[in-house]
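First up is the structure itself, then whatever we jot down about it.
Nothing in this text is a laboratory measurement; each read-out follows from the coordinates by a stated rule. Note that the coordinates shown come from a computational prediction; the quantities given were computed from them, not determined experimentally. Every residue, glycine as well, gets a Cβ built from its backbone with ideal geometry; the counts of neighbours run over all protein chains shown.
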Amino acid sequence: MIDERIYEMFREIGRDLYGQNMISSHGGNLSIRLGDKVIIKRRGAMLGALKPHDLIETRIDKNDSGVALASTELLVHRTVYQQTPALAICHCHPRTAIAFSLSRDVIVPIDNEASYLLKKIPVITEEFASGTPQMANKVAEALQNYKIIMLRGHGSFSTGQTLDEAFFWSSTLEEACQIMLSAKLINEPFIEYRKMSESYSKF
Amino acid sequence: MTGWNEKILDIDLTTGSIKTYPLDMTMARLFVGGRGLGVRLLWDLVGPGVDPLSPENVLIFTNGPLTGTAYQTSNRFSVSTKSPLTGTILDANSGGFWGMQFKRTGYAVLIVRGKAEKPVYIEIKDEKAEIHDASHLWGLHVSETTSRLGQDRNRRNVLCVGPAGENLSRIAAIMNDGQRALARGGPGAVMGSKNLKAIVVEGSGKTEVADPEQYKFMTYETKKLLAASPLTSQALPEFGTVVMMNLVNNVGALATRNHQHNMFEGAEAISGETLSETYLVKSDACWACPIHCTRISKTEKTGEVEGPEFQTTWAFGAQCGIADLEAIIEANFLCNDLGFDTISAGSTIGCAMELSERGYVDSDLRFGRADLLAPTLEDMAYRRGLGADMAEGSWRLATTYGAPELSMSVKGLEMPAYDPRGMQGQGLLLATSNRGACHMRGNMLGLEVLGLPKLIDRFQVQGKSSYVILNQNSSAAIDSLVLCKFASMGVADEYFARTLTAVTGIPYATGDMIRVGERVWNLERMYNLREGFTCKDDTLPTRLLHEPAPDGPTKGWVVQLEPMLKEYYRARGWDSNGVPTPKKLAELELQEL
Amino acid sequence: MALIKLYAILRTASGKKELTLPGESIQEVLGNICREYPGLVRFLFEEEKLRPRVILTVNGQTLDPATGLNQSVSEQDQIGIFPPVAGG
């Protein structure tokens with residue numbers, strides 16, 4: 001039985017992800033760790049309009065009956081929980097961030113908020129489709145050291161102690177990328193306003 | 001590898017031998033320093049069945065690669081030994097200046113074995129160590145000892161025991177810099193049992209850093225973060241930890257009168273706000289710390305003294321039904337000077353008060369008797385009358401007089417201020433902490449009360465274990481660096497991991513650093529299991545499991561430990577008896593142990 | 001008129017330990033506090049939103065600021081407002 005409050009939390013964040021154009025109708029994923037269990041979206045469910053039966057509870061370490069219903073991305077989430085201290089994961093498709101990920105190995109924000117909170121966001125590549133061990137391990141390894149990473153051309157994975165913390169990083173990243181895009185359009189010389197900013201890319 | 005001192009100083013007080021040998025750097029990489037290094041060495045040095053007060057027990061003082069670098073809060077150090085109070089592993093850490101100076105001597109570890117024939121003290125000046133006669137110091141209070149041995153803020157620092165430790169009180173503390181404590185679990189008695197009065201350090205070494213650019217960046221960012229957080233830049237410097245009193249009472253989680261109640265009508269009178277208006281003189285800080293949580297208070301009897309902290313004020317306050325702040329400041333000073341763990345001392349007195357009121361013990365002690373605090377502490381230090389039984393801690397006291405259930409302790413260690421009937425996760429934490437009931441080994445206060453990083457429902461039971469485990473692992477990591485947990489109220493773990501990397505030159509991802517904590521936690525667990533502890537010891541006093549909280553917003557609640565504990569064992573990768581599985585041990589590179 | 005208790009820096013900034021102010025909801029009460037004691041605004045609010053980690057309790061139960069500000073307030077209620085605080 002999944003607690004009502006947990007469902008509400010998933011529903012609200014899912015709705016915000018969709019509303020902020022961070023996912024398509026059926027894209028993205030959210031999960032949390034509860035002890036030795038994972039709660040994740042049902043396969044085929046829409047994050048923007050979650051119903052109580054759209055949340056599946058399954059074990060972290062091995063398959064049980066929940067697996068048949070859970071998202072195909074369950075393996076990535078499980079691997080992240082097994083290999084990192086994460087307690088919540090947000091996976092979404094922030095459009096501007098994805099666009100930037102196509103041409104660089106690291107996204108270094110220029111706005112105040114994201115430089116303060118994130119410093120830098122690594123971009124990793126993995127050709128293999130979602131749900132493969134290769135991809136799962138690569139994502140988990142990157143999340144060992146960064147709370148949010150980009151999978152080139154695909155989307156972001158972020159972690160936190162709570163779901164809204166994970167969402168916060170994703171939202172901050174997309175905001176940072178939209179600001180960077182605007183700055184590129186404005187195309188005027190950048191006036192550096194942050195001390196020691198040359199170190200951000202080495203975070 | 002930089003950051004670490006790579007030498008161990010090993011002193012045998014029985015034979016008088018003084019040896020130095022290299023630190024195993026593979027071990028250092030896995031356990032880092034402080035608590036981690038301490039438990040790993042203790043595992044080898046003190047096997048099952050050793051009497052903690054016998055010469056076979058060992059005191060292991062450790063620092064870490066970050067100690068003494070001047071990174072914020074890099075002043076802390078650790079002691080590891082087997083606890084005479086609980087029989088479990090004991091690790092305690094302390095601030096002040098001694099740790100920084102110990103790092104300057106060039107040693108990572110000081111091991112003290114055996115027992116001296118007559119009272120001695122150890123003096124370490126850079127790499128030279130000497131054992132001196134201390135018969136002229138034995139019997140002296142901590143402050144007197146500290147000044148006689150030449151305590152000089154940044155240059156020469158003294159660590160010692162007072163009469164409580166000399167007289168082998170199981171709740172005796174080791175004091176450093178006069179008013180800082182290595183307290184929980186009674187390490188003072190171990191030191192006293194070795195006839196070791198003090199350890200003085202003086203050093204001139206500096207800690208090298210592998211990547212000075214990155215280190216400078218981390219220090220700068222940490223400075224910004226600590227200044228931006230209202231906890232570390234306003235609340236703690238202005239009001240000290242005692243600011244917790246009103247808040248914890250307000251939500252109905254302040255244990256009162258030996259946990260008979262969960263709210264205290266005198267909370268306001270002993271709060272941080274009241275302290276600020278009355279006896280507070282100024283704030284102060286440990287070495288290299290911008291947070292300044294230390295209180296300096298002044299009363300007629302004591303003059304200007306350090307403290308009191310929240311837990312101390314609670315232990316002699318709410319737990320004893322006392323709302324007299326002046327008496328509490330005096331009691332705190334006495335604990336510092338006699339060398340007692342304030343939480344255990346206050347809570348043992350609270351226990352004695354209940355035993356007395358219920359007729360188990362014949363004494364004048366009653367809840368509210370502020371006037372009896374000072375004389376009782378003296379009796380405990382010198383083992384006079386009932387004080388002799390009380391010096392053994394509340395568990396042995398209550399058991400001796402036929403009411404063990406009236407000791408508010410877990411594995412023999414007295415519980416802190418938080419009544420877990422008002423904080424379910426805290427209940428799980430206190431039941432599973434490796435050194436006995438301890439909040440400093442993963443405090444759930446942040447999540448369940450402060451909203452740090454986010455408020456979770458303090459009465460919720462399902463899923464609590466994941467938070468508790470993360471907190472336990474993370475704080476074990478911080479205890480191994482060695483840094484102050486108040487830094488983590490403003491700075492996320494990823495900064496500490498990067499600072500550790502910058503100092504040592506070894507890449508520690510955030511997850512790697514937390515895994516150090518998980519490794520330490522599991523080894524401590526194995527140590528306790530080896531001593532004969534079982535899952536049955538992961539419990540709480542009957543009162544908290546069966547007597548519903550009587551007051552306010554927490555009324556009616558008991559701690560629902562069993563479901564949380566079951567989930568906790570599974571989530572930790574342990575079997576249903578709470579034993580780490582071979583798979584988990586292999587994952588943590590502990591399989592040979 | 002509910003009873004409002006102030007703590008830590010909120011006391012120093014306002015000079016008061018306790019207030020009684022009108023308000024049908026928590027949001028309204030907070031608004032009235034800020035109007036009467038403008039010195040408290042910077043400790044409680046950041047760009048119109050309640051500052052993170054400000055702790056609001058109603059009869060000892062902690063409010064979730066995301067959902068609880070609309071909670072209605074009665075005469076018997078005791079509201080506690082703590083600025084961000086910490087301890088051990």
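The table below gives the values:
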{"quantity": "Sequence-separation-based contact order of chain B, relative, with Cα cut under 8 Å and 6+ spacing, percent", "calculated": "16"}
{"quantity": "Global form of the range C:2-82, assessed from the alpha-carbon gyration tensor, a/c cut-off 1.5", "calculated": "rounded"}
{"quantity": "Partners for C:Lys5 among lysines (Cα-Cα distance below 26 Å; same-chain residues under 8 apart left out)", "calculated": "B:Lys282, B:Lys454, B:Lys555, C:Lys16, C:Lys17, C:Lys49"}
{"quantity": "Neighbourhood net charge (11 Å Cβ-Cβ; Lys/Arg +1, Asp/Glu -1) for B:Lys464", "calculated": "-2"}
{"quantity": "Fewest-first sequence of B:Phe496, B:Phe77, B:Phe367, A:Phe100 by Cβ atoms within 10 Å of each Cβ", "calculated": "B:Phe367, A:Phe100, B:Phe496, B:Phe77"}
{"quantity": "Sorted by Cβ neighbour density within 10 Å, fewest at the top, the residues B:His141, B:His259", "calculated": "B:His141, B:His259"}
{"quantity": "Helix-only mean residue ellipticity at 222 nm for chain B, each DSSP H run of n ≥ 4 adding -39500 (n - 2.57), per residue, nearest 500", "calculated": "-10500 deg cm²/dmol"}
{"quantity": "Ranked list, fewest to most other Cβ atoms within 10 Å of each Cβ, for B:Ser347, B:Ser276, A:Ser31", "calculated": "B:Ser276, A:Ser31, B:Ser347"}
{"quantity": "Trypsin sites (Lys or Arg not before Pro) restricted to DSSP loop in the range A:44-115 with at most 15 other C-beta within 10 Å", "calculated": "A:Lys62, A:Arg104"}
{"quantity": "Principal-axis tilt of helix A:133-143 within chain A, Cα atoms, nearest 10 degrees", "calculated": "50"}
{"quantity": "Chain B: C-alpha gyration tensor shape, a/c 1.5 cut-off, then a/b vs b/c", "calculated": "rounded"}
{"quantity": "Distance from the range B:521-593 to the range B:1-50 (C-alpha centre basis), Å", "calculated": "28"}
{"quantity": "Positive-pole candidate from B:Phe31, B:Leu45, B:Asn176, dipole of chain B, charges at beta carbon", "calculated": "B:Phe31"}
{"quantity": "Listed residues B:Trp314, B:Ala370, B:Thr399: farthest to the positive end of the dipole of the range B:256-407 (Cβ charges)", "calculated": "B:Thr399"}
{"quantity": "Dipole magnitude of the range B:420-587, debye to nearest 20 (Cβ charges: Lys/Arg +1, Asp/Glu -1, about Cα centre)", "calculated": "80"}
{"quantity": "Antiparallel bridges, percent of DSSP beta bridges restricted to chain C (to nearest 5)", "calculated": "75"}
{"quantity": "Antiparallel DSSP beta bridges within the range B:87-246, percent to nearest 5", "calculated": "75"}
{"quantity": "Residues of type lysines that B:Lys118 reaches as a straight line, Cα spacing below 17 Å, ignoring anything fewer than 8 places off in the same chain", "calculated": "B:Lys194, B:Lys197"}
{"quantity": "Nearest 10 degrees, 0 to 90: helix A:163-186 Cα axis against chain A principal axis", "calculated": "30"}
{"quantity": "Dipole-positive endmost among B:Val242, B:Ala255, B:Thr278 within the range B:238-285 (Cβ charges, Cα centre)", "calculated": "B:Ala255"}
{"quantity": "Whole-Å distance, taken between Cα centres, linking the range B:79-154 and the range A:44-121", "calculated": "50"}
{"quantity": "At least 20 Å along the helix axis (C-alpha) and Kyte average at least 0.0, DSSP helices within chain B", "calculated": "B:342-357, B:464-481"}
{"quantity": "Contact order relative to length of the range B:256-407, as percent, for alpha carbon pairs under 8 angstrom and 6 or more apart", "calculated": "19"}
{"quantity": "Percentage relative contact order, the range A:4-202, counting C-alpha pairs under 8 Å, at least six apart", "calculated": "21"}
{"quantity": "Residue-averaged 222 nm ellipticity for chain A, from DSSP H runs of 4+ at -39500 (n - 2.57), nearest 500", "calculated": "-11500 deg cm²/dmol"}
{"quantity": "Rounded tilt (10° steps) of A:4-19 against the dominant C-alpha axis of chain A", "calculated": "40"}
